[in-house]
Structures are given as structure tokens and as C-alpha cells.
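One structure below.
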Amino acid sequence: MILIYSLGVILLIGILIYYLIWKDRLNDKLNLDKDWNKFLKSVELNDIKGIASNGDKLIWNKYLKSEQLNTIIKVVDLRVSNYPEL
């Protein structure tokens, strides 16, 4: 009986973890355009803290396109000598 309860708890934990990962990926997909526009606005305003925080969010986003990643790299490369926090 203990074995059945243990397996049930393990199964519920596995389902919960899968749900949380699925929800996180869905949020990444939905927030990509919003975060990208925030990043571009930060670049436009030369807001270094905004570039760093929005760029960090974007880099960890699974749905980031390679063109967007290349743009982030170029922006950081141009500013890293003056702003080492990037």
C-alpha cells in the first residue's frame, strides 16, 4: 500500500513539474514580442540598465530568433567598452 501511495505522489510531482515547465514556455512565447520591443526602446534611449535587463530576459527565452540574438550581440558589443556592466 505504501508503494502505491509513493508512486502516486511521485506521479503527481512529475505532472506538476511538467505543468510548470509548460506554463513557463507558454509565457516565454507570449512575452517575446513585448520584451523585444522593450529592448529596442532601451537601445533607442541608450538606457543601459534596460538593455541589460531586457537583453537578459530575451537571451533566456527559448523562442528568441537568431536574428534577434545577433542584434542583441551587436548592441552589447558596441557599448561594452563604455559600460562594462553589460
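The values are calculated or read from the model by the stated rules, or taken from the named source; none is laboratory data. Model, not experiment: these values are computed from the prediction. Cβ coordinates were reconstructed from backbone atoms using ideal geometry, including for glycine residues, and neighbour counts include every protein chain displayed. Only protein heavy atoms, including side chains, enter the accessible area calculation; ligands, DNA and RNA are left aside. Shrake-Rupley method; radii C 1.70, N 1.55, O 1.52, S 1.80 Å.
Structure data summary
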| read-out | value |
| --- | --- |
| Test: residue in the stretch 61-82 that is open to solvent by less than 100 Å² (accessible area, probe 1.4 Å), of a type in the set (A, V, I, L, M), free of Cβ contacts under 8 Å to residues at least 12 places away in the same chain and in a loop (DSSP other than H, G, I, E, B) | yes |
| Residue count for the stretch 30-55, restricted to those that are outside any loop (DSSP other than H, G, I, E, B), surrounded by 12 or more Cβ atoms within 10 Å (Cβ to Cβ) and not hydrophobic (A, V, I, L, M, F, W, C) | 9 |
